[in-house]
Amino acid sequence: MRVCGVDIKGSEIILCLMEMENGLFDLPDCRQVRFPLLKDQDTDQMRKFQFSMAKLAEDYKISKFVIRERAQKGKFAGSAIGFKIEAALQLITSVDTVICTNAAIKDKLAAHPIPVVFKDTGLKAFQETAFTTAYAYLIH
């Protein structure tokens, strides 16, 4: 199964593709690992973003988007645009979308630590949260 870990940060969406087979994970290359969040939230921009993400899922045979949950209230609350991005991903009919809670990710990582130092993955430092989210979802 190939998943795409998604980290929605202030001004962008960060992606990490990951596959897991027989307990080994693979990190396929992806043509774009950052998408700027929409400044203009009109319908055409949302549809364009959703189309781009659906095309990415089709091209890379992604079966699930795995989004790290963000707080809805408080100091670290996600932005309104970020929640629109979540909804746009959830409404892509060809791909399932799962939102993982921080507690679930923490529990999975405690039970199954990541078997490699992140720097050795070849990913960019800004992809670490998306990587961790994908790994926590795929590990059993």
Which label belongs to the value computed from this structure, given these candidates for P(r) over Cα pairs in 10 Å bins from 0, in percent: [x] 9, 30, 39, 19, 2; [y] 13, 42, 29, 13, 3, 0; [z] 12, 45, 34, 9, 1? [z]
Residues meeting the amide H criterion for Leu37 (H placed from the backbone, H to H distance under 5 Å, 5 or more places apart or on another chain) are Glu12, Ile13
Only counting other Cβ atoms within 10 Å, I'd like Cys16, Cys100 sorted with the fewest neighbours first. Cys100, Cys16
Total formal charge among the other residues, if their Cβ is under 12 angstrom from that of Ile8, Lys/Arg +1 and Asp/Glu -1: +1
With the contact rule set at Cα under 8 Å and sequence spacing of 6 or more, what percent relative contact order holds for region 2-138? 34
Using alpha carbons only, how many degrees (0 to 90, rounded to 10) separate the axis of helix 102-111 from the longest principal axis of the chain? 10
What's the ranking of 42-48, 128-134, 80-86 by average number of surrounding C-beta atoms within 10 Å, highest first? 128-134, 80-86, 42-48
Note to self: C-alpha centroids of region 29-46 and region 55-112 sit apart, in Å, by 15
Over 26 Å between alpha carbons, listed pairs Lys64/Lys106; Lys9/Lys108; Lys64/Lys84; Lys39/Lys108; Lys55/Lys119: Lys39/Lys108; Lys55/Lys119
Quick check on the chain: helices-only [θ] at 222 nm, where DSSP H runs of length 4 and up contribute -39,500 (n - 2.57) each and the sum goes over total residues. Nearest 500, please. -11000 deg cm²/dmol
Extending each Cα 7 Å along its Cβ direction at Ala111 and Ile139, get the distance between those two points in nm, one decimal. 1.1
List, in order, the whole-Hz ³J(HN,Hα) value for each residue of region 51-68 obtained from phi through the Karplus relation with A = 6.51, B = -1.76, C = 1.60 and θ = phi - 60°; use x for Gly and Pro. 4, 4, 6, 5, 5, 4, 4, 5, 4, 9, 6, 7, 9, 8, 9, 10, 9, 6
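Every read-out reported here was derived from the displayed coordinates using simple, explicitly stated rules and does not represent laboratory data. This structure is a prediction, so every number in the text was calculated from the model and none was measured. Cβ atoms come from the backbone with ideal geometry, glycine included; neighbour counts cover every protein chain shown.
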